[in-house]
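Single-structure report; data block below.
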Amino acid sequence: MSPLWSLAAHDLASIRRDQVLPNIIGLMVMIVAAAAVVRALGYAAEWWTTIQILLLLGYMPGMGYLFAVLIVDEMDSGVDRALRVSPLPQSHVLALRIGMCVLFVWSYGLAMVLATRMIELPLIQWLPPLLALSLASVWTTITVPALSRDKVQALGLFKGLNLYVQVAALYLFIPQDAWYAPLLLLSPATWSVKSILAFVDGATGAGYLWAAGGLVFWIALIAVSITLYRRRQDGHAA
Amino acid sequence: MNAAPLLRLVLWDIRVQARERIYLFTAVTTAMFMTAVALLPGSAPATVVTAILLLDPAVVGAGFVAGLVLLERAQGTPPALAVTPATPADYVLAKLATFTALTIAGGLAILSVAYWPPSSPGLLARMTLALAFTGALSVVGGLVMVATAHSLNHLIARAFPVSIVVELPLLAHFGVIDGWLAWVLFGASPGHAMLRALLWAADPAAVTSVEVLYAFGYMALLTAILLRWALLLHTRTVGEGTS
């Protein structure tokens, strides 16, 4: 088994430990099932768009936090130092965590929207905004260990990062022409929300543009976090 | 119980919480919630403000106290505590006092934005009472959840279903499910009692006196049971530390 696959297997074993993964997957399945039942029964139809977007926003940072806790645990227990002297380049380790996170979150997001059908869009239109939103998880995964010293700080920081993503939900409830509405664009999650709403309105070009903008925004934030994370790792190694 | 070790532990906890930036993180998240509340239309009902309180500010102690206990365990605090005059009850009560105070402070800060200028002198007293109950219940809940948790991952695994149970009564709060069905489905959830208490604090006319009795009575009962449980579990932890 290649070192990278070994690390992937180790990560999955760590997440499976203590029943974390079964609990989370169980909850995810329950949420999708509940939303699908509400949709099938035709209940609260005027809220479907809002419910779907809230569900999407709700789980993204949480999944990122799960991967972030893995890294914080490694920092606490010294496993990160062992990884630094392993044959695996640090960039590969980071890329693996980012890849796993995106794969898990993006695929669940797609499964959710296709199973619940609260917003009916072609698959091709779902892909860009969901990819952008899934980067919220990646950002959380890297930013938490980059800025927190231990588990308590990781928890506190996550609350702030989580709110930074969830604040996009406000866009669904405020008047679109309010003077403060553009302030919500300071969170890239709002760009994905605007992308989905544009697709719903049939403004395909705007939908793709908002999603692309959100992607670029997230990538910029992630790049900053990666720099901070690496600087911190280099500081520990020195 | 001796008051001096308890007071010293309270002061020590405050220092540790400041060092761990818990106050900074709470100030930041509270500021974000205050901004969200400030952006709400003036006609927003009390149900919205109280729902925002349940999302985090009214239960802020649960996660932080659990994280702090895990950290202290990793740093060997329980065995160190065992050779001091402080008892496990002091350890638990110090955390209960500090995090409940933090809950009240954060909640009132949000309230000050939602109801500025304060419409009645009773509002502050009612909301302080309600936040004291929600804060204490969430802290003892966090202490019980973390007592036998092996890791932060283990804690998260426990916290996920608990948070769902606590937040599901929002469906009744917003009238999606109402009547007897709401009580059957959510009556046993601490979240339902918390929401009733917070709603009473914000708008006494929106809640019947029976509901107020249920809300505070149920929270008091749960807090007493969980506090007793937390004391038993943490006494065992400190005991293990001395062996």
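Bear in mind these aren't lab numbers, they're just calculated from the coordinates by the rules spelled out. Model, not experiment: these values are computed from the prediction. Cβ sites come from the backbone with ideal geometry, for glycine too, and all protein chains shown count toward neighbours.
Per residue of B:174-184, other chain Cβ atoms within 10 Å of the residue Cβ number 0 on average. Membrane-span-like helices of chain B, defined as complete DSSP H segments with a Cα extent of 20 Å or more along the helix axis and a mean Kyte hydropathy of at least -1.0, are identified as B:3-19, B:22-39, B:60-74, B:88-114, B:121-147, B:152-167, B:209-242. Computed about the Cα centre, the dipole magnitude for the protein assembly as shown is approximately 780 debye when only Lys and Arg (+1) and Asp and Glu (-1) carry charge, each at its Cβ. Residue by residue along A:154-163, Cβ atoms of other protein chains within 10 Å of the local Cβ number 6 on average. Our estimate of slack between B:Thr84 and B:Ile164, defined as 0.36 nm per intervening residue step minus the Cα-Cα distance, is 24.9 nm.
The aspartates and glutamates within cross-link reach of A:Lys159, meaning a Cα-to-Cα straight distance under 19 Å and a gap of 8 or more places when in the same chain, are A:Asp73, A:Asp150, B:Glu20, B:Asp56, B:Glu167.
Choose one answer from A:Leu131, A:Leu70, A:Leu21: the residue with the largest mean-square fluctuation in a GNM of chain A with alpha-carbon springs under 10 Å. Comparing A:Leu131, A:Leu70, A:Leu21 in a Gaussian network model of chain A, the most mobile one is A:Leu21. Across peptide B:63-70, the average count of Cβ atoms from other chains found within 10 Å of a residue's Cβ is 4.
Apply the a/c threshold of 1.5 to the C-alpha gyration tensor of the protein assembly as shown and tell me whether it is rounded, prolate or oblate. Oblate shape, in that a/c is at least 1.5 and b/c is the bigger or equal ratio.
Taking a span of 24 Å or more along the helix axis (Cα atoms) and a mean Kyte-Doolittle hydropathy of at least 0.0 as the rule, the DSSP H helices of chain A that qualify are A:20-41, A:48-77, A:90-116, A:123-147, A:204-237. Spin-label model, B:Ala224 to A:Leu186: label points 7 Å out along the Cα-to-beta-carbon direction sit 4.7 nm apart.
Each Lys and Arg adds +1 at its Cβ and each Asp and Glu adds -1 at its Cβ; summed about the Cα centre, chain B shows a dipole of about 420 debye. Free of any chymotrypsin sites (Phe, Trp or Tyr not before Pro) that DSSP assigns to a loop and that have at most 11 other C-beta atoms within 10 Å, the longest stretch within chain A is A:44-178.
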